[in-house]
Each structure stands twice: as C-alpha cells, then as structure tokens.
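Chemist: Before I ask anything, let me first share the structure, which is written out below as structure tokens.
All of the numbers you see were taken from the coordinates with simple rules; none came from a lab. For clarity, every value in this text was computed on a predicted model and none was experimentally measured. Heads up, the Cβs are rebuilt from the backbone with ideal geometry, glycines too, and the neighbour counts pull from every protein chain shown.
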Amino acid sequence: MPLTVLAIADEVSRTLYDCFERERWKSVDCILSCGDLPPWYLDFLCSSLTIPVFYVRGNHDGGYRSSEYEGSQNIHGKIVNFKGLRIAGFEGSARYNGGPLQYTQREMSHAVHRTRLSALRAGVPDVLVTHAPPTGPHTGADVCHAGFDAFVSALNGWKPQLLIHGHMHHYDGAQKPYRSGATTILNAYPYKLLQIPMRPQEVAETKTASAHLSIKRLFAHRHANRMVGLTSRDR
C-alpha cells in the first residue's frame with residue numbers, strides 16, 4: 001500500500017493556503033517540507049489536515065526560532081520512520097555569503113557521514129528530503145544554487161527511491177524529475193503530491209545489511225591505515 005505524501009518547498013501556494021480545500025487533500029498521509037517556508041504555513045497544513053509534517057530548513061529560514069516550528073519535526077541529520085517509510089533530511093544550501101544554514105561541501109559531507117552511521121540502527125532511508133539539490137541537472141550556475149556532492153554519494157550508497165529538494169525556483173520553466181541510479185530526483189517547488197510505494201521488507205533488510213558491511217569495511221580500512229602509520233613511526 002503506497003503512502004500519499006505532499007512535498008512542499010520555497011513558496012506559500014495559494015492552492016494550499018488561500019484556496020485550501022480540505023476534502024481535496026484528505027488522502028495525504030504526511031507532509032515533507034524542503035525548506036524556505038514560514039513555520040506558520042507548516043502549522044496551518046499540519047492542523048488543517050491533522051497529519052505529521054517532517055521538515056528541513058532552507059537558507060532563508062535562519063530568522064525563525066526552533067519554538068516556532070512546534071508541532072512539526074525537524075529531520076536534519078536524522079532518519080525517521082513513518083509507517084514503515086524511512087526518511088532522512090539535510091537542511092541548508094551551499095555557502096555563498098556566510099549566512100546561517102549554509103554549508104561548505106566538506107561540512108555537508110560530514111553531516112551525511114554522521115547520518116550514515118545512524119543508518120546502522122535506523123536502517124537505510126527510502127526518501128531523502130533536502131533543501132539544496134544534489135550535484136547534477138537541477139543545480140544552478142551561481143554559487144548559491146550549487147548542489148552537494150555528498151548527496152550524490154549518499155544516493156550511490158543508500159539507493160533510496162526518492163530525493164526531494166527545493167531551493168530551485170522555476171524562473172526558466174519547471175525542472176523535470178530525473179533518475180540517478182535507483183533514485184528519482186524531484187524538485188518540490190511549490191508543491192508535489194506523490195504516491196510512494198513501500199519497499200518490500202526483504203529488500204530493505206538486504207540494503208541495511210549492505211550498509212552495515214560498507215561501514216565495517218570503512219572502519220577496518222581506517223584502522224589498518226592507522227596501524228601502518230604506527231608501525232612506520234616505530235621503525
């Protein structure tokens with residue numbers, strides 16, 4: 001049974017606010033917010049539909065206090081499980097002027113690595129929710145709208161069904177979804193209604209075991225390198 005998910009990003013939609021019709025959206029199971037949206041908008045959708053909102057913040061959300069997001073769940077650097085669907089999130093954009101919620105490639109790589117470690121307990125995610133896109137067709141020409149290499153690495157390792165992002169407004173026409181390996185990359189701006197099929201249990205377990213093995217190999221490789229270094233210094 002697929003889950004019905006409403007993905008939103010970057011703009012308060014008239015359809016979802018001024019002209020909101022609850023009956024039209026009653027089948028939605030949860031909301032995934034990709035950032036650059038005011039907390040009151042998330043609260044309105046959460047209370048109107050009485051469903052959970054999972055969000056990451058965008059590079060323009062630094063002025064909002066954490067308390068303003070009460071009722072919604074910040075998933076930056078986390079993996080949450082909603083009705084069997086595992087969702088991971090990463091906030092912010094590439095660093096361009098030193099403002100809040102901006103990351104260098106190295107900083108985002110560290111954030112992704114920490115989340116990979118938590119996947120050992122939580123399992124690999126089925127969906128990634130990000131503000132900025134991964135490096136690739138959906139990135140912009142300026143520094144602000146650059147993508148993150150670490151997201152491409154995460155896709156290669158986790159092979160989620162979906163990566164949903166925001167940040168890229170449709171000034172030059174709508175961005176079409178594209179495939180990267182096993183993953184569909186989708187720009188949520190300003191909203192997308194999605195049907196996400198549940199991953200078969202045996203496939204999910206196999207991918208989690210594979211992730212465990214990759215992490216073990218990484219630590220074994222680092223340990224071996226440290227031992228070589230110690231041996232070299234002892235000579």
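Chemist: Taking a virtual spin label 7 Å from the Cα of Gln105 along the C-beta vector, which residues in segment 133-174 bring their backbone nitrogen under 17 Å of it?
Modeler: 133-156
Chemist: Another one. How far, in nm, would the chain grow between Gln161 and Ser27 when pulled straight, counting 0.36 nm per residue and subtracting the alpha carbon separation?
Modeler: Once the chain is fully extended between Gln161 and Ser27, it gains 46.1 nm.
Chemist: A further question follows. According to the square roots a ≥ b ≥ c of the eigenvalues of the Cα gyration tensor, what is the shape class of segment 1-101, taking rounded for a/c under 1.5, prolate for a/b larger than b/c otherwise, and oblate for the remainder?
Modeler: Details: a/c = 2.05, a/b = 1.35, b/c = 1.52.
Oblate is the answer for segment 1-101, as a/c is 1.5 or above yet b/c matches or exceeds a/b.
Chemist: Can you give the FRET efficiency for Cys19 and Arg65, using 1/(1 + (r/R0)^6), R0 = 30 Å, r = Cβ-Cβ distance, to the nearest 0.05?
Modeler: Values: r = 29 Å, r/R0 = 0.97.
After rounding, the FRET efficiency stands at 0.55.
Chemist: Do any trypsin sites (Lys or Arg not before Pro) in segment 9-44 lie in a DSSP loop with no more than 14 other beta carbon atoms within 10 Å, and if so, which?
Modeler: Details: sites: Arg14, Arg22, Arg24, Lys26; in loops: Arg14, Lys26.
Loop-located and lightly packed - Arg14, Lys26.
Chemist: Further question on the same structure: Are there any GluC sites (Glu not before Pro) in segment 1-38 that are in a DSSP loop and have at most 14 other Cβ atoms within 10 Å? List them by number.
Modeler: Counting only loop positions with at most 14 other Cβ atoms within 10 Å, the GluC sites (Glu not before Pro) in segment 1-38 are Glu21.
Chemist: Ok, one more. For Ser47 and Arg179, calculate 0.36 nm times their separation in residues minus their Cα-Cα distance, and state this gained length in nm to one decimal. The partial results should precede the final answer.
Modeler: Details: separation 132, 0.36 × 132 = 47.52 nm, distance 3.40 nm.
Full extension from Ser47 to Arg179 adds 44.1 nm.
Chemist: Pop the C-beta distance of Tyr96 and Gln73 into the FRET formula with R0 = 35 Å and round what comes out to the nearest 0.05.
Modeler: 0.80
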